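What follows is one structure encoded as structure tokens, with my remarks underneath.
The values are calculated or read from the model by the stated rules, or taken from the named source; none is laboratory data. In this text, all values refer to a predicted model and were calculated from it rather than measured experimentally. Here the Cβ positions follow ideal geometry from the backbone for every residue, glycine too, while neighbour counts run over all protein chains shown.
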Amino acid sequence: MQKVGDINWLNKHYNFRKIAFSIDELIILNVSRVKKDIIGFCGQVKMLAEGCFIPIAAGGGVHNIDDARSILKSGADKIVINTLLYTDPTMVKELVSVFGSQCIIASIDIKKNKDGVEVWIENGSQKIPKLFQEWIRAVISLGVGEIYLNSIDKDGTGQGYFWEVIKMLDFNIEIPLIISGGAGNQHHLLEGLKTLIVDAVATANLLNFVGNGLPLARDFLIEQGATLAKWNISDEINLEDYFIR
Amino acid sequence: MIVIIDYGMGNIYSIKNAFNYLGLEVILSNNPDTILSSDRIILPGVGSFYHAMNVLREKSLDIIIKESVLKYKKSILGICLGMQLLGKSSTEDSFCEGLGLIDCSVERFDQSKYPDLKVPHVGFNTVHIKDGASLYYGFEQDVDFYFTHSYRVFCENDEYVSGLCVHGETFVASFQKGHICGTQFHPEKSQSNGLQLLKNFVEKV
């Protein structure tokens, strides 16, 4: 992982709101390793959410109903949780019952070693004594609505998703699965979307470091027959005018 | 003036953002007088049907909404759970009565019938539009909107169904009975397609 800048940086260098037309959904994660400042984070989410008419998932440091509510009030539609799945499963069930399954995304960070696939929490700083297959089952049983599976090994490499791990998912996953970590070009995204068990592909790399890679990647995917949503281009131009003012 | 009913269920701020973009005045409120003095009502909602109905009843908002729609003929748009609440009942958690403004009931997607079906149904999906529905004014036959839901609506009368979508089975994506509309999808999260639909609700319904 590499620090690049905050929301202002994002808008200044990449006209984020323009890029937002190339994605179906936005995931914002607070990966600060010091005590997470929910209020500050919510401020950033709010600034991003104001001009984005797509679903936004946000998380990092959510411990309770109030944290989740603050993030939702800032314009997010879904809450991403990770460490809490392990440290307080009862709270996870409560979040599901208050906000609904569709609102809670379980983020699972995995790392491969020679004996198998490990699950890590606390921004990938702490290993838990669970095998990742059993962990996925356990997390689904808490009632979460989606799984966001991230490979710590591949994250930031741009070498492609963690296929040897995804192949190990030989059981039925009843909820949507988003894969993350490693996508470096449009071919990686296409490979993911063509995989039956995978419902969505996430990328940060293509957004942060490759200029207009994201709009080009979307065009490529649609050309290759991936079923991505289409929206009216003329309205898109109007929206850009709106963002500039 | 458009009022978005603020009863603590779901992301009302993104709906407000969308109307603001369209240059339309919108108020978030759970105050009966404000609702009764509005021109149009948005009933948002994400989460549990049972919980949402309880909150509406506690604040007597169920009565206010029904009066506004039936007596004063104010146009209403229910979004996601808000659409489901306009129906007669749901089996979410346990059997629960809804507002009963449209003859429909709500049930969960049936994964026993379709073992590979993912529930919740999440993401953009194509809505097949019925001809002549004013909510879809200016749209082509098939349009993409954003969905996130585990329950779906069954209408007793096909006449009110204005849009259909397929997730394992065909389900009702939207209904419209005159000035009473509901969308299972989130127009406020559906890029320019959704903004156009919200504009239609204000200008055409």
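Tabulated data
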| item | result |
| --- | --- |
| The range A:35-85: number of residues that are in a helix (DSSP H, G or I), among the β-branched types (Val, Ile, Thr) and buried (at least 22 other Cβ atoms within 10 Å of the Cβ) | 2 |
| All strands (runs of 3 or more DSSP E) inside the range B:129-205 with 1 or more residues being of a type in the set (Phe, Trp, Tyr) | B:142-149, B:151-155, B:169-177 |
| Test set (1) surrounded by fewer than 19 Cβ atoms within 10 Å (Cβ to Cβ); (2) within 15 Å of A:PHE21 (Cα to Cα); (3) at pLDDT 80 or above; (4) more than 14 Å from chain B (Cβ to nearest Cβ) - A:ALA217 fails condition number | (1) |
| Subset of the range A:143-160 [more than 12 Å from chain B (Cβ to nearest Cβ), in contact (Cβ under 8 Å) with a residue 40 or more places away in the chain and more than 18 Å from A:TRP120 (Cα to Cα)] | A:GLY158 |
| Criterion violated by B:VAL122 - all others in (1) under 20 Å from B:GLY163 (Cα atoms); (2) in contact (Cβ under 8 Å) with a residue 40 or more places away in the chain satisfied | (2) |
| Cβ-Cβ under 6 Å pairs, at least 6 apart or on other chains, the range A:69-80 side within 7 Å of chain B (Cβ to nearest Cβ), far side in a strand (DSSP E or B) | A:ASP77/A:ILE56 |
| The listed residue being farther than 19 Å from B:VAL119 by Cβ and within 14 Å of another protein chain (Cβ to nearest Cβ), out of A:GLU94, A:GLU164, A:GLU118 | A:GLU94 |
| Residue in the range B:162-170 that is within 11 Å of chain A (Cβ to nearest Cβ) and either touching a helix residue (DSSP H, G or I) at 6+ places or on another chain (Cβ under 9 Å) or farther than 27 Å from A:GLY51 by Cβ (or both) present | no |
| Residues located in the range A:162-208, provided they are free of Cβ contacts under 8 Å to residues at least 40 places away in the same chain, of a type in the set (Phe, Trp, Tyr) and under 17 Å from A:VAL119 (Cα atoms) | A:TRP163 |
| Elements of type helices (runs of 4 or more DSSP H) contained in the range B:1-81, each with 1 or more residues being surrounded by fewer than 22 Cβ atoms within 10 Å (Cβ to Cβ) and modelled with pLDDT under 95 | B:12-21, B:49-58 |
| Residue satisfying all of: in the range B:42-80; within 14 Å of chain A (Cβ to nearest Cβ) and touching a His at 6+ places or on another chain (Cβ under 8 Å); farthest from B:HIS179 (Cα to Cα) among these | B:CYS80 |
| From the options B:LEU85, B:LEU164, residue that is closer than 24 Å to B:ILE12 by Cα and either surrounded by 15 or more Cβ atoms within 10 Å (Cβ to Cβ) or among the acidic types (Asp, Glu) (or both) | B:LEU85 |
| Check on B:LEU195, farther than 30 Å from A:GLU50 by Cα and of a type outside the set (D, E, K, R) | no |
| Hey, A:ILE81 farther than 20 Å from A:ILE152 by Cα and of a type in the set (A, V, I, L, M, F, W, C) or not | no |
| Cross-chain or 6+ apart pairs with Cβ under 7 Å, the range B:151-170 first and without any contact (Cβ under 8 Å) to a residue 12 or more places away in the chain, then part of a strand (DSSP E or B) | B:THR170/B:LEU164 |
| Subset of the range B:141-178 (residues that are among the polar types (S, T, N, Q) and at pLDDT 95 or above) | B:SER162, B:THR170, B:SER174, B:GLN176 |
